[in-house]
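J.: Starting off with a structure, shown below.
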Amino acid sequence: MKIGIIGLANSGKTTIFNALTGQNVPTPVYPTTDGHPHEGIVKVPDERVDTLSQIFNPKKTIYATVHYVDYIGLTKGDSVQNRKVLDVVKDVDAVLHVVRCFEDESVVHPFGKVDPYTDVETVRMELLLSDLDLVDKRLQRMDEAAKKGKKPDEKERHVLIKCKEALESEIPLREVEFSEEETLSIRHLQFITTKPEVLVINLSEEDIGTERERNLIETLGKEGNCPVVGLSGKIEMEIAQLSEQDRKAFLEDLGLKEPAMYRVIRLCYEHLGLISFFTVVQQEVRAWTIKRGTSALNAAGKIHTDMQRGFIKAEVINYEDFISVGSMAEARKRGLLRLEGKSYEVRDGDIITFRFNI
Ligand SMILES: Nc1nc2c(ncn2[C@@H]2O[C@H](COP(=O)(O)OP(=O)(O)OP(=O)(O)O)[C@@H](O)[C@H]2O)c(=O)[nH]1
Ligand SMILES: [Mg+2]
């Protein structure tokens, strides 16, 4: 899963990137305007994988991973600059939209005032405008090609006009119903408003767990129809730098259950409808991420196309059932290992061995 961190300049994107990845990228008090995007890959924490690894003691344990990207801020009314930012995140599975809620006079706010509602609206408007720009450019190119005698793809044009109407009414494309065919015909344009959004409200430490946090979460979540995480970037960045042991004590002091690096991943999984299944083969325990509703056949394809092509059966046991008996031999004896066909819908926590023939 790939997640792009976006927001206005100085909203705390890089601080939160550090909190989520454990990296230590500099976070100056003035806005960053150039340089390279920051990239970080972290493992998806999963106690079930830890336990399977203890039981099977494999040579290798491979967790699912999340790939974070952080770049410069979006700017109100600057479509050229914004294009640069959005090109960096156009292939992500979700955007993490950071909005500044912390007061700090030493940190410049692009509009001179901390106002989360206006900021969220501004960013969303820039995303809509950027997609609208892509639509217009594409339609224009199709017209030019038509003039030169090239037959335009009428289906695509039709979908583009549907997109244009939605965007002009300030509706993000993720809220528009498209048929499978329509989705395919515009997929190459990688519209940013088709991506699921998770909002992060970046609070001052004092605001954590307060009425202000609850209000912001409720109102902004309702407005944007998206999940909202409240956190303090600065504190979370410190937490991410600590050893596991110190971290526990620090979190307890703050009244936090878990670090943001876990919370954010979990929320993204939930929001994107993602689940995990596991494979235990040849000295390797491994977690795989799929969408809820994925068939055994497509889950096999996630591992290898050969496995999908030559699919025979999936031998399945759910993690909970496996743990209740403790070993594969015992599970087999008790008939807990099921043979499932291509259309079996994989469940969260399934341990699967694919039988295939190539
Ligand atoms: N007080 C406080 N300061 C914060 C918090 N989060 C970030 N900052 C500060 O705000 C400044 C900007 O933070 P960055 O993380 O660099 O912000 P950014 O969104 O990456 O900024 P650009 O990349 O320039 O757009 C830094 O000085 C941070 O220390 C927070 O939760 N509380
Ligand atoms: Mg930054």
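J.: Quick one: dipole size for the chain, taken about the Cα centre, charges +1 on Lys/Arg Cβ and -1 on Asp/Glu Cβ, in debye to the nearest 20.
T.: Roughly 1840 debye, rounded to the nearest 20.
J.: Compute the FRET efficiency between residue 165 and residue 336 as 1/(1 + (r/R0)^6), taking r as their Cβ-Cβ distance and R0 = 56 Å, and round to the nearest 0.05.
T.: That gives a FRET efficiency of 0.60.
J.: Would you mind getting the accessible area per residue of the chain, heavy atoms of the protein chains only, 1.4 Å probe, in Å²?
T.: Accessible surface, normalised per residue, equals 53 Å².
J.: In terms of the Cα gyration tensor, with a ≥ b ≥ c the square roots of its eigenvalues, is segment 293-356 rounded because a/c is under 1.5, prolate because a/b exceeds b/c, or oblate?
T.: In terms of gyration-tensor shape, prolate.
J.: Any idea which of 40, 204, 158 is furthest toward the positive side of the dipole for segment 2-270, if Lys and Arg beta-carbons carry +1 and Asp and Glu beta-carbons -1?
T.: 158
J.: Loop-only trypsin sites (Lys or Arg not before Pro) in segment 124-153, please: DSSP not H, G, I, E or B, and at most 16 other Cβ atoms within 10 Å.
T.: In loop regions of segment 124-153 (DSSP not H, G, I, E or B), the sparsely surrounded trypsin sites (Lys or Arg not before Pro) are 148, 150.
J.: From the backbone phi of segment 233-250, what are the Karplus-calculated ³J(HN,Hα) couplings (6.51 cos²θ - 1.76 cosθ + 1.60, θ = phi - 60°) in whole Hz, Gly and Pro given as x?
T.: x, 4, 5, 5, 5, 5, 4, 5, 8, 7, 6, 3, 5, 4, 4, 4, 5, 4
J.: Testing the spin-label approximation: label points 7 Å from Cα along Cα→Cβ at residue 254 and residue 111. State their distance in nm.
T.: 2.7
J.: Now, a different point. Once phi is turned into ³J(HN,Hα) by the Karplus curve 6.51 cos²θ - 1.76 cosθ + 1.60 with θ = phi - 60°, what whole-Hz value does each residue of segment 258-263 show in order, with x for glycine and proline?
T.: 8, x, 4, 4, 8, 4
J.: With the full set of protein chains in place, find how many percent of the accessible area of the chain is carbon and sulfur; take the probe as 1.4 Å.
T.: In the chain, the share of accessible area belonging to carbon and sulfur is 49 percent.
J.: For the chain, what is Rg from Cα atoms divided by 2.2 N^0.38 Å, rounded to two decimals?
T.: So the Cα radius of gyration is 1.13 times the expected 2.2 N^0.38 Å.
J.: Ignoring everything except DSSP H segments at least 4 long, calculate the 222 nm mean residue ellipticity for the chain; use -39,500 (n - 2.57) per segment, divide by total residues, nearest 500.
T.: Helices in the chain give a 222 nm mean residue ellipticity of -13000 deg cm²/dmol.
J.: Among 267, 139, 317, pick out the residue whose Cα is farthest towards the positive end of the charge dipole of the chain, where Lys and Arg carry +1 and Asp and Glu carry -1 on C-beta, about the Cα centre.
T.: 317
J.: Follow-up question, since we're still on this one. For the cross-link pairs 43/257; 137/302; 84/257; 113/291; 257/291; 76/151, which exceed 29 Å when the distance is taken from alpha carbon to alpha carbon?
T.: In this structure, 137/302; 84/257; 113/291; 76/151 exceed 29 Å between Cα atoms.
J.: Roughly how many debye, to the nearest 20, is the charge dipole of segment 293-356 about its Cα centre, given +1 on each Lys and Arg Cβ, -1 on each Asp and Glu Cβ, and no other charges?
T.: Computed about the Cα centre, the dipole is about 280 debye.
The values are calculated or read from the model by the stated rules, or taken from the named source; none is laboratory data. In this text, all values refer to a predicted model and were calculated from it rather than measured experimentally. Here Cβ is always computed from backbone atoms with ideal geometry, including for glycine, and neighbour counts include all displayed protein chains. What goes into the accessible areas is simple: the full protein's heavy atoms, side chains included, and nothing from ligands, DNA or RNA. Shrake-Rupley method; radii C 1.70, N 1.55, O 1.52, S 1.80 Å.
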